[in-house]
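Asker: Questions regarding the structure given below will be posed in turn.
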Amino acid sequence: MRFQPANRKVWIAAWGGGVIEYNMETKHFRDYVDPDGFMEIDLQPDDGVIHDITTATAYSDSILWVSTYFGMSRYDGKNWKGYFNHDSGLASNFINFIRAERESCIVCLDDGLSSTDGTTWVTYRRDDDSENGRVIITNGSEKKEILFPLLFT
């Protein structure tokens, strides 16, 4: 659950129910659910929350971020954008938690930690072939990887 005092709204990640917004001024609820109704796959990209199994919400700078076990959604109050590991810099689609700061968010996943402003991605994960960590910076089709020693294993 995330409370935003500036606009007096509360967003709740409802497992199996998408996102519920409560407006404290009007005392009304509004739900954001997967609009195409196919929970297992998002057939129409960028049409809403990508899945109804939501894990967290985060709100900052008029941007609502929604994490799921199947990817992530971003809502600017007018347009939705879905992110998946195959078309973004997400370490995986299995997201446990999300935190927004200004126009960016930090995403905790089962296979690493990713951060983004919606365009550029920075992902931290363990290198499968060594005891090192790996930083992956993705911007569109450009990708840069940096290995670094882990301080703990």
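Asker: Taking θ as phi - 60°, what are the ³J(HN,Hα) couplings along region 102-117 by the Karplus curve (6.51, -1.76, 1.60), each to the nearest whole Hz, with x for Gly and Pro?
Answerer: Result, rounded to whole Hz: 6, 8, 10, 9, 10, 10, 9, 10, 6, 10, x, 9, 10, 9, 7, 10.
Asker: Could you work out the equivalent-ellipsoid semi-axes for the chain, taking the square root of 5 times each eigenvalue of the Cα gyration tensor, largest first, in whole Å?
Answerer: Working: eigenvalues 170, 54, 37 Å².
In descending order, the three semi-axes are 29, 16, 14 Å.
Asker: How do 84, 70 rank by accessible surface area computed with a 1.4 Å probe, from largest to smallest? Can you show the working numbers first?
Answerer: Working: 84 40, 70 75 Å².
From most exposed to least exposed: 70, 84.
Asker: Between region 65-98 and region 122-153, what is the separation of their alpha carbon centroids in Å?
Answerer: 20
Asker: Per 0.36 nm of contour for each residue apart, how much would the distance between residue 78 and residue 111 grow if the chain were fully extended, relative to their Cα-Cα spacing? Please report the intermediate quantities before stating the final value.
Answerer: Values: separation 33, 0.36 × 33 = 11.88 nm, distance 3.10 nm.
Value of the extension gain: 8.8 nm.
Asker: Accessible area of the chain with a 1.4 Å probe: how many percent of it is carbon plus sulfur?
Answerer: Details: 4540 of 8760 Å².
For the chain, the apolar C and S fraction of the accessible surface comes to 52 percent.
Asker: Another question about this same structure. Under 17 Å Cα to Cα from residue 78, which lysines show up? Leave out anything in the same chain fewer than 8 places away.
Answerer: Excluding near neighbours in sequence, the set is 9.
Asker: Whole-Hz ³J(HN,Hα) for each residue in region 127-144, computed from phi via Karplus 6.51 cos²θ - 1.76 cosθ + 1.60 with θ = phi - 60°, x for glycine and proline: what do you get?
Answerer: In residue order, the calculated couplings are 7, 5, 9, 7, 8, 8, x, 9, 10, 10, 10, 10, 9, x, 8, 7, 9, 10 Hz.
Asker: While we're on this one: Using a simple spin-label model with points 7 Å from Cα along the Cα→Cβ vector, what separation in nm is obtained for residue 146 and residue 24?
Answerer: Label-label distance for residue 146 and residue 24, simple model: 4.0 nm.
Asker: How far is it, in nm, from the label point at residue 124 to the one at residue 103 when both lie 7 Å from their Cα along the line to the Cβ?
Answerer: Modelled inter-label distance: 2.3 nm.
The values are calculated or read from the model by the stated rules, or taken from the named source; none is laboratory data. Source: prediction; values computed, not measured. Neighbour counts run over all protein chains shown; Cβ positions are idealised from the backbone, glycine included. Note: areas computed on protein heavy atoms with side chains; ligands, DNA, RNA excluded. Shrake-Rupley method; radii C 1.70, N 1.55, O 1.52, S 1.80 Å.
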